[in-house]
Each structure stands twice: as structure tokens, then as C-alpha cells.
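Engineer: Got a structure here, written out as C-alpha cells. Questions coming.
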Amino acid sequence: MVDKQTDNKRKDGKFKKGNKIGNRWKKGESGNPDGRRNAYTDLIKDFSFKKSGDRERREVIVAKLFSLAERGDLRAMQFIIERLEGKALERQERTNKSEPIQVMVIDDD
């Protein structure tokens, strides 16, 4: 049996121009339909859906977060607000003035 890649090579060892071998996937078909998996995300999701007593762990964590916010924890409040409303936009004022910067020199003499 002859290797498909050796059939597609020139005499100098480089591949011939164009794809003569063919593709493994049909047009529009992905070689990785599920995308790249993140092992830590999968572990955290699996762990958060497990029961801790009569509630899931993620319910316990959210209850703790709201408890902290009710006691006045500003970071907990900020976290909840950002998740519900989105982060506040930061605005920066930019000027296009081409005036030179003036430096004042004050002598103590």
C-alpha cells in the first residue's frame, strides 16, 4: 500500500501545490463539535450541582453571598449588583487641544 502523503510530494520532498489527499471532514462539518473543554470548569460545575444537605452547593453559596451583603459587605453587594445590572461604564474625558503645556516656576528668593 502506498502512503497518500508520499503520493502528494514532489521529487524535492516538498508537498505539491493544492490539497490532493482530501479532507477528513465534509464542508461545514467541524472536527471538534463540542469545542475545547476546560477541566476545571467541568469539575466546578459538577461539584456545585452536588447536594449539601437538602440544597445544592451553589444555592448554599448564593445564600451566603446575600447574607454577607445584608450585613454590609460592600464587595458582596458590588458582586451581586454587577451580576444583575452589569458593570458600570468607566468614562474618560479626552481633549484634542493642541495648546502647549504651561509650566510655572516659583522661586523662593
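The values are calculated or read from the model by the stated rules, or taken from the named source; none is laboratory data. A quick note: this is a predicted structure, and the numbers were derived from the prediction, not measured. Cβ placement follows ideal geometry from the backbone for every residue including glycine, while neighbour counts extend to all protein chains displayed. These accessible areas exclude ligands, DNA and RNA; they are computed on the full protein's heavy atoms, side chains included. Shrake-Rupley method; radii C 1.70, N 1.55, O 1.52, S 1.80 Å.
Engineer: Would you confirm whether or not the range 57-68 contains a residue that is touching a Phe, Trp or Tyr at 6+ places or on another chain (Cβ under 9 Å) and of a type in the set (Lys, Arg)?
Structural biologist: Yes: the range 57-68 contains one or more residues that are touching a Phe, Trp or Tyr at 6+ places or on another chain (Cβ under 9 Å) and of a type in the set (Lys, Arg).
Engineer: Restricting to the range 61-98, name every residue that is open to solvent by 100 Å² or more (accessible area, probe 1.4 Å) and hydroxyl-bearing (Ser, Thr, Tyr).
Structural biologist: Hit for the range 61-98 is 98, nothing else.
Engineer: Here is a follow-up. Which number in (1) of a type outside the set (Asp, Glu); (2) modelled with pLDDT of 75 or more; (3) exposed (fewer than 10 other Cβ atoms within 10 Å of the Cβ); (4) in a helix (DSSP H, G or I) marks the one condition that residue 44 misses?
Structural biologist: Failed condition: (3).
Engineer: From the set of residues in the range 30-41 that are open to solvent by less than 100 Å² (accessible area, probe 1.4 Å) and not β-branched (Val, Ile, Thr), which is modelled with the highest pLDDT? Don't jump to the end; show me each part of the working.
Structural biologist: Initial filter on the range 30-41 (open to solvent by less than 100 Å² (accessible area, probe 1.4 Å)): 30-32, 35, 38-39, 41.
Filter once more, keeping what is not β-branched (Val, Ile, Thr): 30-32, 35, 38-39.
On the way: 30: 74, 31: 73, 32: 75, 35: 73, 38: 78, 39: 82.
Within the range 30-41, the match that is modelled with the highest pLDDT is 39.
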